[in-house]
Amino acid sequence: MIEPSVIDAEGLEAFLRSYPPFSSAPDGVVSAAARAARVRRYDRGALVLDAFTRANDEVWVVVEGRMDVWNDAERFTDAPDEVLGPGGLFGFSSMLMGVAIGPRAVAATDGTEVARIPRDLVAPVFTSAAGAEFLATQIARKTAGRHRTPVEVPLHERLQQAESVEELRTLTAQTSLLLSELLHDGLASSRVIAEYSGIIDTIVRRAIVLVLTGHPDLSVDEFTWLSLGSNGRREAVPSSDVDAAVAFDDAVPPARIDRYLAAFGEIDDLLTSLGLSVDAHGATPTRRAFARTNQEWRAAAEQWLATPERDQGAIMTSLLVDARPIHGDPGLPEVSRVFGELRTHPGTMRLLLHESLAKRARRRSVRDLLNVRREVFDVKEHALLPIVNLARWSALSVGSSVLSTTERLEAAGGTAILPEPQARALVEVFQVLQRLRLRYQLRELSQGRPPTDVIRLESLSPINRSIIMRAAHEVAVAQRRMDNVSTYAEPDSWTAPER
């Protein structure tokens, strides 16, 4: 859905002056650009620009929310090349050159607001010295990004084109080697993990096609496949489960859905045979609770909001707010729109907070330190999951629809319940733990052992053991603060600015 913006020309002019290259442009140029701009709001998943199809004659500026941007026409099914926030520009290369060279841009959050400025009025911005410097910096950054990670491109392409289960299995087996090479080449662990999540998306999409090819009575166009959990947040590592749900078009009858469920079971079996972890008793579309029509999802979500204590409402809500469409119509799932109303249900928010704090960070005693040879630490259960839960709830409390844990913490940072220093500390702790976790699992795989989240502390350096201690401490401090604020303060004050 496209909605008109509430920002006026004067407000847009002030906004543009805060970001390069407009911040260095002459006043008259910025004023004219702001007056001529068209500003619109988009729902999450909406296609905003496809400059690979035809040349773009405007420059686009993110005013509010976030925009997923792909600069490679062959990589639309992978993780975006860029995620742009307020002040981010896209479409300028196609505009300046007059050819269809991309990018493709999709709204990453509900209410993403974008300003479109015509070529004639924005061109002078790029002809100034500051504008030329801006273009040079953007080109250099994008080129460096492409050169830094060329090794994963052939694997992605071959996975997308796998013609048989055997070929898909052979290619999937190369994933751990690819991750090791990316780390060795100096790519940040957070980026490697995002790339791995993109690979999982590609594998799942190909599995869907290969299985449904054997079911000519079923169509790949009648449903949207939603990635949940860590892969939904683009935070998957080799030990992660492939959690998923499906939203069917409302026209699909119950009898036909039953046939789909059987086919989804074949997809689960295929993914398991590829070495991916699928929990048959967890979040999988083979279970009717995770395979509903669009309207059924909306009705269920509204019920969970009203009575979260019934039918595992709090748990299902936590799962579905991490949902990310990876196959089918990204605008189909209504469930995500319903959860945008969570802040208006203080009772539900309080219960969700209780559920979020149920997983406690494990702090180690002096005796633990003296017995590291007999000690193990579940890095997911005792440190990462508490951060994930805390970040999810915090983002919901401020009305943010971002998915990644670090973005959620950043969105909620500076509130009474999550002060800015704590948010920054948790972001750092999460990134460090994810890096440690990934490297540990890749080492396990290289030694012929299955990846696990249970780390033997004797295998870690003293520095890494101290990192785990600090992580548990930071999470415990944040959890205690949330406990105290939620106990002694009214819900309306939770998201007020910190004092």
By my count, helices (runs of 4 or more DSSP H) wholly in segment 163-274 with at least 3 residues that are open to solvent by 40 Å² or more (accessible area, probe 1.4 Å) are 165-172, 175-184, 189-213, 254-273
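Matching residues to (1) surrounded by fewer than 18 Cβ atoms within 10 Å (Cβ to Cβ); (2) among the polar types (S, T, N, Q):
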| position | (1), (2) |
| --- | --- |
| Glu10 | yes, no |
| Asp43 | no, no |
| Gly65 | no, no |
| Ser94 | no, yes |
| Ala100 | yes, no |
| Arg104 | no, no |
What are the pairs with Cβ atoms under 6 angstrom where one residue, in segment 396-420, is over 17 Å from Asp68 (Cβ atoms) and open to solvent by 10 Å² or more (accessible area, probe 1.4 Å) and the other, located anywhere, is assigned to a loop (DSSP other than H, G, I, E, B) and hydrophobic (A, V, I, L, M, F, W, C)? Sequence gap at least six, or different chains.
Ala416/Ala496
When you look at Ser318, is it at pLDDT 80 or above, buried (at least 19 other Cβ atoms within 10 Å of the Cβ) and of a type in the set (S, T, N, Q), yes or no?
yes
Can you find a residue in segment 447-456 that is of a type in the set (Asp, Glu), over 29 Å from Leu84 (Cβ atoms) and at pLDDT 90 or above?
yes
If I filter segment 368-382 down to residues being charged (D, E, K, R) and within 23 Å of Ser239 (Cα to Cα), which single residue comes out as modelled with the lowest pLDDT?
Arg374
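Considering every residue within segment 32-51, establish whether at least one is free of Cβ contacts under 8 Å to residues at least 24 places away in the same chain and in a helix (DSSP H, G or I).
no
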Checking Leu228, Leu179 in turn, the sole residue that is in contact with a helix residue (DSSP H, G or I) (Cβ under 9 Å, 6 or more places away or on another chain), farther than 19 Å from Asp322 by Cα and touching a residue at least 12 places away in the same chain (Cβ under 8 Å) turns out to be Leu179
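The values are calculated or read from the model by the stated rules, or taken from the named source; none is laboratory data. Nothing here was measured: the structure is a model prediction, and the numbers come from that model. Backbone-built Cβ (ideal geometry, glycine too); neighbour counts: all protein chains shown. Just so you know, the surface numbers come from the protein's heavy atoms only, side chains and all, with ligands and any DNA or RNA stripped out. Shrake-Rupley method; radii C 1.70, N 1.55, O 1.52, S 1.80 Å.
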